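The values are calculated or read from the model by the stated rules, or taken from the named source; none is laboratory data. Remember, it's a predicted structure, so these values are computed and weren't measured experimentally. For neighbour counting, all protein chains shown are included, and Cβ atoms are generated from backbone atoms with ideal geometry for every residue, glycine included.
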């Protein structure tokens with residue numbers, strides 16, 4: 001309705017705000033997981049929103065969250081690239097590991113998982129491409145296809161990243177049960 | 001379905017990516033196989049754990065980012081400038097007249113910039129109240145609840161009237177701090193849209209600001225009555241907002 005308003009220019013920011021504000025948490029969450037800290041995540045969200053605003057004229061409806069997250073992702077990766085000057089951000093994909101049974105039982109895992117800081121530390125240890133797939137799947141509830149579109153890889157790759165990310169996360173959370181001091185609370 | 005097949009499909013099953021038939025097959029297998037069911041529980045626990053690690057955006061980030069976006073917007077500023085050229089001309093003439101008459105030029109300028117600040121701040125407050133969860137501090141359609149709520153929170157008593165009868169039901173109120181002073185914000189509804197009516201005492205000797213304005217696409221109607229400034233800010237049509245202003249004035253300045 002706002003698009004046919006006779007004063008589109010004045011309303012541009014308002015339209016833009018209406019479009020991105022519902023997805024602000026999603027943008028921050030992704031930036032936070034990809035940068036690893038609050039300070040950089042804030043900068044990245046701001047830079048992403050400025051870019052998004054610049055490109056907003058080209059956004060013709062559709063899934064605003066995916067649109068914004070794609071911009072956040074690109075912004076963060078170009079920033080990481082600038083910063084790391086050619087260092088590899090992604091490790092090369094390895095062969096899919098075989099499913100292995102782990103010694104920990106669901107109750108133990110539940111107990112460990114109750115401590116949000118433990119979980120966050122564990123996720124932070126994952127390689128970025130696994131972490132990214134997990135964030136989009138478990139936190140944003142995207143389908144494999146949507147994750148493939150946002151991250152620019154095939155669905156098979158998404159599935160493999162998710163599987164390996166979950167496997168590693170499970171392993172990290174299951175390790176050293178005794179070192180998990182503060183779980184009881 | 002055997003355990004190998006089931007283990008291979010458990011992730012896709014949990015992610016809701018299987019077709020109906022495969023889905024039923026996996027479910028069937030899980031019912032009969034404790035080991036696979038436990039693997040599924042493990043995955044579920046892991047998914048919930050990961051979900052709980054979500055980082056919500058810090059409260060102040062939204063505003064600072066929106067402010068940066070607005071500042072970055074040269075198009076809006078230049079086009080708005082062109083569009084307003086006629087009203088600027090009028091303002092220019094008024095200003096020239098003021099200079100010629102030699103009356104309080106400095107004061108006029110100060111007032112204008114203060115007016116701009118107020119416009120911006122009140123519009124921001126309106127926008128914030130809509131996008132955040134902080135529309136009201138006190139939620140009530142009863143003027144006798146909202147009015148006493150302001151006591152102790154403000155150094156003045158804003159008139160409060162429920163205007164349901166005129167199509168503007170009272171939603172509630174909140175206290176704001178704007179332009180260096182506390183301001184009452186009364187929230188009214190008009191067909192699913194909200195009107196923020198900002199009320200604060202007029203400074204003694206200050207000039208009355210009244211009339212309609214638009215700021216970033218929001219309509220603003222301003223008036224003064226019984227020593228109070230009233231600024232109504234909303235996205236509802238200007239005509240509706242004027243009706244609202246008339247209804248409010250009518251209800252609060254009834255003959256004693």
task = Read through the list (1) in a strand (DSSP E or B); (2) in contact with a helix residue (DSSP H, G or I) (Cβ under 9 Å, 6 or more places away or on another chain), then give the number of the only condition that residue B:177 fails.
result = (2)
key: Every pair of residues 6+ apart whose Cβ atoms lie under 7 Å, when the first sits in region A:134-145 and is more than 7 Å from chain B (Cβ to nearest Cβ) while the second is outside any helix (DSSP H, G or I) and buried (at least 23 other Cβ atoms within 10 Å of the Cβ)   = A:136/A:142
message = Can you name every one of the strands (runs of 3 or more DSSP E) wholly within region B:210-256 that holds 3 or more residues which are buried (at least 20 other Cβ atoms within 10 Å of the Cβ) and within 14 Å of chain A (Cβ to nearest Cβ)?
response = B:218-225
ask   = Looking at (1) buried (at least 18 other Cβ atoms within 10 Å of the Cβ); (2) within 7 Å of another protein chain (Cβ to nearest Cβ); (3) at pLDDT 90 or above, which is the only condition residue B:69 fails?
value = (3)
query = Would region B:21-33 turn up any residue that is surrounded by 15 or more Cβ atoms within 10 Å (Cβ to Cβ), modelled with pLDDT of 75 or more and within 14 Å of chain A (Cβ to nearest Cβ)?
reply = yes
